[in-house]
Amino acid sequence: VPTVPSLCGVPLKYISLITLALQNSLLTIIMHYSRVSIPPSESYSAPTAVLLNELLKGFISLAIAFVRIDRTTSHSSDTVSPSFTSSAFWHPDKVLTRVRRLAREVFSPDCWKLSIPAILYVIQNNLQYVAATNLEAATFQVSYQMKILTTAAFSVLLLRKQLSASQWLALLCLAIGVGIVQIQTTTDEPAKVASSLLFNGTSMNALKGFLAVMAACFTSGLAGVYFEMVLKNSQADLWIRNVQLSFFSLLPALVPIVVSRSSDAGVMQSLFANFGVWAWGTVAIQVFGGLVTALVIKYSDNILKGFATSLSIVISFLASVALFDFQVTFTFILGSVVVLIATWLYNQPGRSPAAARFSFSVK
Ligand code: C5P
């Protein structure tokens, strides 16, 4: 019987889901603010942010994989590995052995499988900036929830996941609940929304934003389910898979940078133009989100990940009430209650045979 990994007695599954919901709320607000609050001529390069995101995630995953490599690849004949805080861990011979093992694992014959989600995620991460630049934060966040339905569709198609009738009903409720919250947001601020849809000074283009968000929902569903498929159909460590994902992301992340680079400025100058504290903040939250997403996909699944991000809509709104004195309306409460009921319905044990049948190994 696999042990359930936990932190202070709370299963990692729940910790990672709640953390992801909080991270999503913060990212939506900061990404939108960092793109829209400044004139377009002073905005930072989104492709640079995407590349930095992949580089940082790759390095962090590599460091974690390095520390864990004895545990994940040792044979039973090996002696117990020392903790990385002890000097024995850093003995040059041991370090060299670990580096060799790591290289063997990262460049294993099946590593190319990660190239597909890597390319899809790079496209998605770039599209996300296009959408956040062209839509109001709330509109973006709610329409991005369509990825729940694309994810369910790809889970059924690729993972042969079978959803019970009540789980499909829960997904439908979720989409309706999200729509109700959306109505309340749009009717609450008609002038603001109309200006973002039609004509405004910050050159938002709602159609462009909407198309970007729809395409991002498609790549999110496909990439997430593909990553889950690779992760759960093999024994490789999650952090090795993350390193492979970042490695294969580097080339596609460089493409928009090379294509759009103006030839007159220096490389570093054009890459990091206007890259201030908000840009770095957005990248940092995105790196954190990528790592938490990987944990959620491992310890839970992509469909439950969708529910966590829906809850983030409720969290962001409550944060707005607390911080900016927003009024809670009846429609918002109704939408939130529907989202919460949908989450509860999806997780009913007796009614979700597929969830129980869908097994995966936990290291
Ligand atoms: O919107 P969605 O939940 O699909 O976004 C997933 C995000 O998590 C993407 O930005 C992707 O780059 C990141 N990710 C990651 N590592 C994984 C899986 C996803 O960094 N193993």
Notebook entry, point to check: Could you count how many residues in the stretch 232-262 are among the charged types (D, E, K, R) and part of a loop (DSSP other than H, G, I, E, B)?
Noted result: 2
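Please find, among 196, 263, the residue that is open to solvent by 40 Å² or more (accessible area, probe 1.4 Å), modelled with pLDDT under 85 and away from the ligand (no atom under 16 Å from the Cβ). Please lay out each step first, then the result.
Details: 196 fails: open to solvent by 40 Å² or more (accessible area, probe 1.4 Å).
Among 196, 263, only 263 is open to solvent by 40 Å² or more (accessible area, probe 1.4 Å), modelled with pLDDT under 85 and away from the ligand (no atom under 16 Å from the Cβ).
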Check: For the stretch 131-163, what are the residues that are in contact (Cβ under 8 Å) with a residue 24 or more places away in the chain, open to solvent by 20 Å² or more (accessible area, probe 1.4 Å) and not in a helix (DSSP H, G or I)?
Finding: 136, 159, 162, 163
Notebook entry, point to check: Just wondering, is there one or more residues in the stretch 281-299 that are away from the ligand (no atom under 15 Å from the Cβ) and either at negative phi or open to solvent by 30 Å² or more (accessible area, probe 1.4 Å) (or both)?
Noted result: yes
Next item on the list: From the list 321, 292, pick out the single residue that is part of a helix (DSSP H, G or I), more than 21 Å from the chain's Cα centre (by Cα) and farther than 20 Å from residue 143 by Cα.
Entry: 321
Margin query: Give all pairs with beta carbons closer than 8 Å in which a residue from the stretch 88-116 that is within 13 Å of residue 242 (Cα to Cα) meets a residue that is outside any helix (DSSP H, G or I); count only pairs at least 6 apart in sequence or on separate chains.
Written below: 105/236; 105/237
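For the stretch 37-50, give me each residue that is in contact with a helix residue (DSSP H, G or I) (Cβ under 9 Å, 6 or more places away or on another chain), assigned to a helix (DSSP H, G or I) and open to solvent by 30 Å² or more (accessible area, probe 1.4 Å). Spell out the reasoning first.
Taking the stretch 37-50 and keeping what is in contact with a helix residue (DSSP H, G or I) (Cβ under 9 Å, 6 or more places away or on another chain), we get 37-38, 40, 43-50.
Pick out the ones that are also assigned to a helix (DSSP H, G or I) and you get 40, 46-50.
40, the sole residue that qualifies.
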Next item on the list: Answer yes or no: is there a residue in the stretch 23-36 that is within 16 Å of the ligand (Cβ to nearest atom) and either open to solvent by 40 Å² or more (accessible area, probe 1.4 Å) or free of Cβ contacts under 8 Å to residues at least 24 places away in the same chain (or both).
Entry: yes
Next item on the list: For the stretch 348-360, indicate whether the set of residues that are within 22 Å of residue 220 (Cβ to Cβ), open to solvent by less than 40 Å² (accessible area, probe 1.4 Å) and modelled with pLDDT of 85 or more is non-empty.
Entry: no
Notebook entry, point to check: What pairs can you find where one residue is in the stretch 213-232 and touching a residue at least 12 places away in the same chain (Cβ under 8 Å), the other is near the ligand (Cβ under 10 Å from one of its atoms) and of a type in the set (Gly, Ala, Ser), and their Cβ atoms are less than 8 Å apart, with a gap of 6+ or different chains?
Noted result: 227/294
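Could you tell me which of the residues 235, 244 is among the polar types (S, T, N, Q) and within 25 Å of residue 48 (Cα to Cα)?
Values: 235 fails: within 25 Å of residue 48 (Cα to Cα).
After applying the criteria, what remains is 244.
To keep it simple, each residue is scored yes or no on (1) within 16 Å of the ligand (Cβ to nearest atom); (2) of a type outside the set (Val, Ile, Thr).
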| site | (1), (2) |
| --- | --- |
| 89 | no, yes |
| 96 | no, yes |
| 116 | yes, no |
| 125 | yes, yes |
| 133 | no, no |
| 137 | yes, yes |
| 152 | yes, yes |
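The values are calculated or read from the model by the stated rules, or taken from the named source; none is laboratory data. Since we're looking at a predicted model, the values are computed, not measured. No Cβ is skipped: glycine too gets one built from the backbone with ideal geometry, and neighbour counts run over all protein chains shown. We work out accessible area using only protein heavy atoms, side chains counted, and drop any ligands, DNA or RNA first. Shrake-Rupley method; radii C 1.70, N 1.55, O 1.52, S 1.80 Å.
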